[in-house]
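Notes for the one structure printed next.
The values are calculated or read from the model by the stated rules, or taken from the named source; none is laboratory data. Please read these numbers as outputs of a predicted model, since none were measured by experiment. Don't worry about glycine lacking a Cβ; one is built from the backbone with ideal geometry, like all the others, and counts go over all protein chains shown. With ligands, DNA and RNA removed, areas are computed over all heavy atoms of the protein, side chains included. Shrake-Rupley method; radii C 1.70, N 1.55, O 1.52, S 1.80 Å.
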Amino acid sequence: QRRVHGDRSKRNHFRLVVVMSWQSPKLAYSPLMGASPKVLAKAARTASSPNVAFSPKLGITSNNIRLSPKTSPRFGALEENYASLNEAGKPTVSQEISSGYLYGQLANVAKMAVWWSVFSPLIIGLLQSEEALGYTRLSFNLALVVVSPIAGVLAERIAVRRLLNVTTATRMVIWVVLIPVIYVLLKSELVNTTQFPDLFYGLLLALFFFDGASVAMSNVVDIDCGGLDLLGQQHEIEITDHTRNKFNSTHQMVFDASFIFFAPLISFLVYETSKQLGDSEDVTLAAVSDVASLLGGMAAVFLCLSFLSLYYYNRYIPSMAEHIAPTADVSVTEQTKSVVAGIWDGAKICFRNRPIGWRLFFLALETALEDSMVSVCIAAVALNTSEIFADKSHAALGNLWCSAVIAVGKVGAFCAGLFMNRFWHVPEANHTNEYRKLFWSVFLGGCSVMLLPVSHLLVQREQIMAARVAVFAASFLFFMFSTAPKIGFATLLQGLAAEEEASGKIFGFVATFVTAMDAIIILVLSSIFKAYEGDMQTALWISASIFAVHGVLELLLGPWLVLGTPTPTRSSSVEKDRKQPLLP
C-alpha cells in the first residue's frame with residue numbers, strides 16, 4: 001500500500017475511505033485504523049461537495065486518491081490507501097526513504113574517496129611495480145564495460161534496496177576478507193614462508209574484476225547515475241528537479257570533502273599504525289608493516305562505512321518495492337541485446353556527427369588523463385622520490401603524501417566548480433567565446449603537469465622544499481583548470497545530443513567509450529613508469545608531455561572540430577520544420 005502524508009501539524013493518523021455513490025458521498029472510518037472521530041467530524045464539516053476527500057485543510061489532494069481495483073464497479077469506489085497527518089516535525093515516510101537512501105550513498109561516496117586515494121599506493125606496495133596499476137585497473141574497467149549493459153537491464157527488474165545491499169556487501173567481502181586473506185596466505189610470510197606471487201597476482205586481478213562488476217551494478221542505482229529517480233519510481237515518491245539538484249550537489253560536496261579531509265585522515269592513521277608495527281619485535285610483521293597497514297586501513301574503512309550504508313538502506317527503504325516496471329515476456333538476454341544495440345546506434349551517431357564524435361573523443365581523453373593523474377602520476381612521484389616524499393619500501397608514508405597531494409588538487413577543483421556555478425553562464429550558441437575559453441583552460445591544465453618533472457630538477461639542485469611545492473602546485477593547477485572544461489563541455493555535449501533526439505543511445509556509448517579509454521591511458525602511462533623504472537625524471541617528462549600535447553591539440557583543433565556546424569541529419573531537419581509557424 002502506498003503511504004501518502006499530509007499536514008505535519010496534525011497529530012492524528014487515520015485511514016480515510018471515501019465511497020462515491022451515484023448520488024452522494026459517504027465518509028467512513030474504523031477505530032481499528034486509529035482514526036479520531038474528532039478528525040473525521042472536522043473532515044465532514046469541511047465538506048460542501050463530493051470533494052471532501054480533496055480538502056486542502058487536511059493536506060489531502062487528488063494525487064493521494066487512486067481507484068481501488070478490489071472495489072465494486074457498481075460504486076466506482078476511490079480508496080485513499082494511507083493518509084497520514086504527521087506529528088509536528090516528524091518526516092514523512094517518503095522523506096525517510098529518500099533520507100535513508102541519501103545517507104547510505106554519502107557513506108558509500110566517502111568510502112570511494114578513500115579507495116581512489118589509497119588504491120595506487122596499495123597496489124605499488126603489494127606488487128612493487130607501477131605497471132601493475134595498469135593491469136589491475138584494466139581488469140576493473142573491463143568489468144565495468146561488460147557488466148554495465150546487464151546492470152541497466154537488471155535495475156528495472158530488481159528492487160533498489162536489494163541491488164544496494166548485494167553490491168555493498170559484495171565489495172565489503174572482497175576488501176575486508178578476500179584480498180587480505182590471499183595476501184596473508186600467498187604473498188606475505190606471516191603464515192607460510194613459501195610465497196606464490198604469480199598465483200597472488202592472478203587472484204588479485206580476478207577479485208578486481210568482480211569488484212568492478214559490483215561497481216557496475218551499483219552505478220545504476222547511485223545518486224549520480226539516476227538512482228534517485230529509480231527509487232522514486234519504485235516507491236511512488238515524487239522526484240523534482242529541486243530534489244535532484246539537492247541530492248546531486250550534496251553527493252558531490254561530500255565526495256570532494258572526503259578527498260580533502262577524510263582520505264588524508266585515514267592515510268595519517270595508516271602511517272601511524274605502520275610505524276607501530278615497524279617497531280614490533282616480530283621481524284616478519286615489521287617487514288610487512290606498510291602493506292599490512294594499508295590493507296588494514298582499507299578493510300576498516302570498507303567494513304565501517306559499508307555497515308553504515310547497509311544500516312540506512314535497510315532501516316529506511318522498504319524491502320518490497322511498490323512499483324517495478326513490468327518486464328512482460330522479454331528475457332534478460334533479449335533486453336541486454338537491446339541495450340547493446342542501443343549503444344551501437346549511439347556509436348554510429350557519434351561517428352556520423354562530427355561535433356559529437358570529437359567532443360566524445362576529447363571527453364574520454366580528459367577523463368582518462370584526470371584519472372591517470374591520480375592513479376599513476378601522483379602515486380609514482382610519491383612512492384619513487386625518497387628525497388621529497390618516500391620510496392616503495394615505505395608505502396604507508398608514500399600513501400600519506402599521495403593523499404595530501406590529491407587533497408590539494410581537489411581544493412583546486414572545488415574552486416573551479418564554485419567559479420563555474422556562480423560566474424559562468426551557458427552560452428546561447430555553440431560558437432561563442434565562452435566555450436572557446438574552456439579550450440584555453442584545458443591547455444593550461446595540461447601544461448601545469450610539466451611541474452612534476454621540474455620538481456626532479458629542483459631535487460638535483462637540492463631545493464627540496466621548492467620541489468615539494470612544485471608537485472603540490474601541479475596537482476592544484478591541473479585539477480583547477482581541468483574541472484571548469486569538464487563542467488562546461490558536459491553542458492555542450494548534452495545540448496548536441498539533444499539535437500539528435502537520441503540522448504539515451506549517445507550517452508550509453510559515451511559511458512562505454514570513456515571507460516575503455518580510461519583503462520587504456522592508465523595502462524600506457526603505468527607502462528612508461530615501468531619501462532623507465534630507474535629513471536624517474538625521464539618517465540615524468542614523457543608522461544607530462546602527453547598531458548601537454550593533449551592540451552595543445554584541444555586548443556588548436558577543438559574549436560574547429562567541436563564548435564563547428566553539426567552534420568545535417570534527418571532529426572535536425574525535422575526539428576527545423578517544427579519551428580516554422582503553422583500560420584502566417
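Mind running the shape call on the stretch 99-160? Use the C-alpha gyration tensor, a ≥ b ≥ c as the square roots of the eigenvalues: rounded below 1.5 for a/c, prolate if a/b tops b/c, oblate otherwise.
oblate
Over the heavy atoms of residue 320, what accessible area does a 1.4 Å probe trace out, to the nearest 10 Å²?
Per-residue accessible area (residue 320): approximately 150 Å².
Using θ = phi - 60° and the Karplus curve 6.51 cos²θ - 1.76 cosθ + 1.60, what whole-Hz ³J(HN,Hα) does each residue of the stretch 437-442 get, with Gly and Pro shown as x?
4, 5, 5, 5, 5, 4
Could you put 253, 373 in order of accessible surface area, largest first, with the 1.4 Å probe and the full protein assembly present?
Highest to lowest solvent-accessible surface, that is 253, 373.
Between the alpha-carbon centers of the stretch 354-396 and the stretch 238-287, tell me the distance in whole angstrom.
When both Cα centres are located, 19 Å separates them.
So how do 440, 358 rank on accessible area, 1.4 Å probe, biggest first, that is with the largest at the start?
Working: 440 140, 358 95 Å².
Output order, biggest surface exposure first: 440, 358.
Just read off the accessible area of residue 387 with the full protein assembly in place, 1.4 Å probe, to the nearest 10 Å².
For residue 387, the solvent-accessible surface is approximately 100 Å².
Could you calculate the FRET efficiency of residue 466 with residue 272 from 1/(1 + (r/R0)^6), where r is the beta carbon distance between them and R0 is 30 Å, rounded to 0.05?
Once rounded, the FRET efficiency stands at 0.60.
Between residue 281 and residue 387, what length in nm is gained on full extension when 0.36 nm per residue of separation is reduced by their alpha carbon distance? Could the numbers behind the result be given before it?
Details: separation 106, 0.36 × 106 = 38.16 nm, distance 2.82 nm.
Taking residue 281 through residue 387 to full extension adds about 35.3 nm, to one decimal.
Hey, what does the equivalent ellipsoid look like for the stretch 200-271, semi-axes from the Cα gyration tensor as sqrt of 5 times each eigenvalue, largest first, whole Å?
30, 21, 7
If I model a spin label as a point 7 Å beyond the Cα along the Cα-Cβ vector, how far apart are those points for residue 92 and residue 490 in nm?
Output for this residue pair reads 2.9 nm.
Quick check on the stretch 181-312: take the gyration tensor over C-alpha atoms, sort the square-rooted eigenvalues as a ≥ b ≥ c, and tell me if it's rounded (a/c under 1.5), prolate or oblate.
Verdict is prolate for the stretch 181-312.
Past the 25 Å Cα-Cα mark, which pairs from 111/246; 337/486; 187/392; 187/275; 437/530; 392/530?
Numbers: 111/246 21 Å; 337/486 31 Å; 187/392 16 Å; 187/275 21 Å; 437/530 36 Å; 392/530 13 Å.
Over 25 Å apart, Cα to Cα: 337/486; 437/530.
Scale the Cα Rg of the stretch 345-399 by the rule-of-thumb value 2.2 N^0.38 Å and send over the ratio, two decimals. Mind dumping the intermediate values first?
Working: Rg = 18.4 Å, N = 55, 2.2 N^0.38 = 10.1 Å.
My calculation over the Cα atoms of the stretch 345-399 gives 1.82.
With every atom except the alpha carbons ignored, what do you get for Rg and Dmax of the stretch 144-189, in angstroms?
Cα-based Rg and Dmax for the stretch 144-189 come out at 14.9, 47 Å.
Can you work out the Karplus-derived ³J(HN,Hα) for every residue in the stretch 363-368? Use 6.51 cos²θ - 1.76 cosθ + 1.60 with θ = phi - 60°, whole Hz, and x for glycine or proline.
Each residue's phi maps through the Karplus curve to give 4, 5, 5, 4, 5, 5 Hz.
Using a probe of 1.4 angstrom, how much of the accessible area of the stretch 153-207 is carbon and sulfur, in percent?
Summing carbon and sulfur atoms, their accessible area is 66 percent of the total for the stretch 153-207.
Which three extents, in angstrom, do the Cα atoms of the stretch 518-568 have along their principal axes, listed largest first?
52, 21, 9
Thinking of the stretch 352-450 as a set of Cα atoms, what percent of all their pairs are more than 23 Å apart?
That tail contains 43 percent of the Cα-Cα pairs.
How big is the accessible area of residue 392 in square angstrom, nearest 10, if you roll a 1.4 angstrom probe over the protein chains?
Near enough 30 Å² of accessible area.
Work out, in µm²/s and without decimals, the Stokes-Einstein translational diffusion coefficient of the stretch 120-210 at 20 °C, 1.002 mPa s, Rh from Kirkwood over C-alpha pairs.
Rounded, D is 145 µm²/s.
Taking all protein chains together and a probe of 1.4 Å, list 354, 315, 171 from the most accessible to the least accessible.
315, 354, 171
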